[in-house]
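A short write-up of the structure that comes next.
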Amino acid sequence: MSKRDFYEVLGLKRGASEDDLRKAYRAKAKELHPDRNKDNPEAEGAFKAVNEAYDVLKDPQKRAAYDQFGHAAFSDGGGGPGGFRSGGPDFGGGLSDIFDDLFGEFVGRRGGAGGRGRGSDLRYNLTVTLEEAFRGKQVTINAPGAVSCDVCSGTGAAGGAQPTTCPTCSGVGKVRAQQGFFTIERTCPTCQGRGSIIKNPCVTCQGTGQLQKERSLSVQAPAGVQDGTRIRLAGEGEPGQRGGPPGDLYIFVSVEPHELFKRDGADLLCEITIPFAEAALGGSVEVPTLDGGRTKVAIPAGTQSGKQLRLRGKGMPVLQSSRVGDLYLEITVETPQNLTAKQKELLKEFEAEGAAAQNPDSESFKKRAERFWERA
């Protein structure tokens with residue numbers, strides 16, 4: 001199901017002013033807040049959609065990207081092995097933004113004078129093999145950054161002109177209103193707390209004074225990293241607006257399934273199949289270990305399917321520890337197929353020589369079945 005247009009969600013047309021955007025968001029958020037719609041199960045989803053739309057459209061850079069590319073501007077590439085995602089349910093200050101926007105006119109914004117906004121957190125999906133999780137892996141990723149716009153010299157104004165002092169707040173970034181005995185201070189609605197306004201925004205940077213530029217970051221997935229591990233790189237997220245602090249970068253690690261080994265915490269499980277004769281007579285089998293090595297393992301005579309053999313210290317390393325897990329070999333006994341006439345004759349002779357002592361489990365089952373039939 002395709003997403004609704006963000007402007008449609010807020011009931012606006014493209015090109016709406018920041019003031020109209022803010023007013024529409026407040027009205028929709030108050031109308032659809034789950035606390036006011038406890039009997040409407042669809043209200044929560046609509047409320048989240050409104051906040052998602054506002055989170056994008058209130059940011060000049062995100063809004064410019066959305067106007068040009070639509071929802072594709074914030075796609076993670078269809079869930080591929082890597083890629084950046086901005087914001088999301090686990091990141092940023094979603095709830096704080098809601099409170100700021102709903103009640104900022106009464107209690108003032110947290111940003112203070114200057115209206116500096118913290119940059120959004122970023123998410124990067126990193127997929128590693130089980131061997132890479134065993135050894136650890138260092139990868140280089142390209143993270144978005146920001147540089148001063150060379151067209152406007154970082155001013156955000158066309159032609160490099162300097163922003164002018166906001167006539168509403170006289171450059172303070174806040175305005176005060178007297179209500180009875182109280183003086184209420186709120187963010188200036190004209191300059192959004194910047195203290196200055198740009199009459200003719202730079203077309204190249206959309207008035208932000210910044211341009212996105214990728215930078216290379218080296219990320220270490222430590223030995224023993226598990227599927228779902230989250231690595232936080234403080235200050236490596238999106239740059240803040242108007243000199244505000246940057247967000248953080250979160251690396252989410254996914255470990256690919258392996259063709260031979262299954263992981264259970266620090267332990268590994270490998271299923272091996274041995275021939276019927278070797279299970280009966282005993283012998284040895286060469287098995288792989290995750291470090292690329294080979295180990296010869298003794299098979300006791302009379303081994304049954306499901307038996308596990310344990311190799312100590314051949315599992316996964318434990319994060320932030322010198323401990324190493326174990327490797328468990330689970331045995332399956334293979335029944336012979338496509339027998340020759342001579343092989344069949346030999347097996348019949350073997351069966352004729354058989355005794356209950358050689359097949360205790362089979363004999364036990366027969367006795368239990370006979371007792372059941374007698375009671376039936």
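Things to note:
- Estimated FRET transfer efficiency when R0 is 35 angstrom, pair Ala280-Glu374 (beta carbons, to 0.05): 0.60
- Under 13 Å of direct C-alpha separation, and excluding same-chain neighbours fewer than eight residues apart, Lys174 reaches these aspartates and glutamates: Glu105, Glu185.
- Overall, the anisotropy analysis places segment 313-376 in the oblate class: the square-rooted eigenvalues a ≥ b ≥ c of its C-alpha gyration tensor yield a/c not less than 1.5, with a/b not exceeding b/c.
- Reachable aspartates and glutamates, given that their alpha-carbon falls under 20 Å from the alpha-carbon of Lys344 and they are not under 8 places away in the same chain: Glu278, Glu334, Glu353
- Segment Thr204-Ala341, extension gain: residue separation times 0.36 nm, minus the distance between their alpha carbons: 40.9 nm
- Three-way shape call for segment 120-239 based on the alpha-carbon gyration tensor, with the a/c threshold at 1.5: oblate
- Looking at segment 198-284, the GluC sites (Glu not before Pro) that sit in a DSSP loop and have at most 13 other Cβ atoms within 10 Å of their own Cβ are Glu259.
- Within the assembled protein chains, the solvent-accessible surface assigned to His258 is about 50 Å², based on a 1.4 Å probe.
- Accessible surface of segment 296-349 [probe 1.4 Å, protein heavy atoms]: carbon and sulfur percent: 47 percent
- Filtered GluC sites (Glu not before Pro), segment 284-376: DSSP coil and at most 11 other beta carbons within 10 Å: Glu353
- Calculated FRET efficiency for the pair Ser153/Asp19, C-beta based, R₀ 25 Å, to 0.05: 0.35
- Label-point separation in nm, Gln68 to Ile231, each point 7 Å along Cα→Cβ: 3.1 nm
- Peptides 204-210, 12-18 ranked from most to least packed, by the mean per-residue count of other Cβ atoms within 10 Å: 204-210, 12-18.
- Where trypsin sites (Lys or Arg not before Pro) fall in DSSP loop in segment 172-213, at most 11 other Cβ within 10 Å: Lys199
- For segment 205-283: accessible area per residue (Å², 1.4 Å): 52 Å²
The values are calculated or read from the model by the stated rules, or taken from the named source; none is laboratory data. Please read these numbers as outputs of a predicted model, since none were measured by experiment. Using ideal geometry, Cβ is built from the backbone for each residue, glycine included, and neighbour counts are taken over all protein chains shown. Ligands, DNA and RNA are stripped out before the accessible areas are found, and what is left, the full protein with its side chains, is counted by its heavy atoms. Shrake-Rupley method; radii C 1.70, N 1.55, O 1.52, S 1.80 Å.
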